[in-house]
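The values are calculated or read from the model by the stated rules, or taken from the named source; none is laboratory data. Just so you know, these numbers come straight off a predicted model, no measurement behind them. Note that we place each Cβ from the backbone using ideal geometry, even for glycine, and neighbour counts take in every protein chain shown. Side chains included, ligands, DNA and RNA excluded: accessible areas come from the protein's heavy atoms. Shrake-Rupley method; radii C 1.70, N 1.55, O 1.52, S 1.80 Å.
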Amino acid sequence: LLAGAMFWGFGCDVFGRKWAFNLTLGVTAVFGLIAAGSPNFAAVGCFAALWSFGVGGNLPVDSAVFLEFLPGSHQYLLTILSIDWAIAQVVATLIAWPLLGNLTCQQDTVCTRSANMGWRYFVIVMGFISLVEFFLRFVVFTIYESPKFLMGKGRDEDAVKIVHEVARRNGKTSNCKISRSG
């Protein structure tokens, strides 16, 4: 999680917030689904580290994108966005409860793979949910590159186009222009 937060947090300043915003969910989904087929604990640990790399980047990147598209008067909404994490934890717990409670080996029995599938089913469900979210973010919703990122890369004209498009989608107009000196 820490490595993911650092990589994606700093990386989005290099390769863009749009890609980081989408790929953190993609990485989480792919390695989560792969983890369900792990043959041993070491493999589960490796794939858990890899899916956590995506999860760790999700919060800082999502927060940055959210804040960069909000006017200063509405940035308090970031606190409300944090509620999503608590809701997601409740959903994950409700999914895990029947799977782990009913499909897990008892302590005093010989545990076979077929008798201990609960955690695998849980990881598959969570990976599938992340995959659906990735698909929705990447294909259904139009996420623009951050104007702040574009301006930092010297792409002022692209930043102005995005500001105008975001204003248009919100039923507003923008007087944002590029001033040319010289």
Quick one: is Leu33 buried (at least 18 other Cβ atoms within 10 Å of the Cβ) and within 26 Å of Ser114 (Cβ to Cβ)?
yes
Residue count, region 69-86 (criterion: surrounded by 13 or more Cβ atoms within 10 Å (Cβ to Cβ) and either in contact (Cβ under 8 Å) with a residue 24 or more places away in the chain or among the acidic types (Asp, Glu) (or both)):
1
Would you be able to say whether some residue in region 65-80 is closer than 25 Å to Asn22 by Cβ and among the hydroxyl-bearing types (Ser, Thr, Tyr)?
yes
List, please: which pairs have Cβ atoms under 7 Å, are six or more places apart or on different chains, and start with a residue in region 87-111 that is among the hydrophobic types (A, V, I, L, M, F, W, C) and end with one that is part of a helix (DSSP H, G or I) and open to solvent by 70 Å² or more (accessible area, probe 1.4 Å)?
Leu99/Tyr121; Leu103/Tyr121
Residue pairs meeting the criteria (Cβ under 9 Å; at least 6 apart or on separate chains; first closer than 17 Å to Glu133 by Cα, in region 29-47; second among the β-branched types (Val, Ile, Thr) and surrounded by fewer than 17 Cβ atoms within 10 Å (Cβ to Cβ))
Ala29/Val132
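Of the residues Val90, Val61, which single one is farther than 18 Å from Leu33 by Cα and at pLDDT 95 or above?
That would be Val90, the only listed residue that is farther than 18 Å from Leu33 by Cα and at pLDDT 95 or above.
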Does region 15-25 include one or more residues that are part of a helix (DSSP H, G or I), loosely packed, with under 13 Cβ neighbours inside 10 Å and modelled with pLDDT under 90?
yes
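Name the residue, out of Val132, Val123, Val91, Val140, that is out of contact with any Ser or Thr (no Cβ under 8 Å at 6 or more places or on another chain), among the aliphatic types (A, V, I, L, M) and exposed (fewer than 11 other Cβ atoms within 10 Å of the Cβ). Can you show your working first?
Details: Val132 fails: exposed (fewer than 11 other Cβ atoms within 10 Å of the Cβ); Val123 fails: exposed (fewer than 11 other Cβ atoms within 10 Å of the Cβ); Val91 fails: exposed (fewer than 11 other Cβ atoms within 10 Å of the Cβ).
None of the others qualify; the one that does is Val140.
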Taking Val139 as the residue in question, decide whether it is within 16 Å of the chain's Cα centre (by Cα), of a type in the set (A, V, I, L, M, F, W, C) and closer than 30 Å to Lys161 by Cβ.
yes
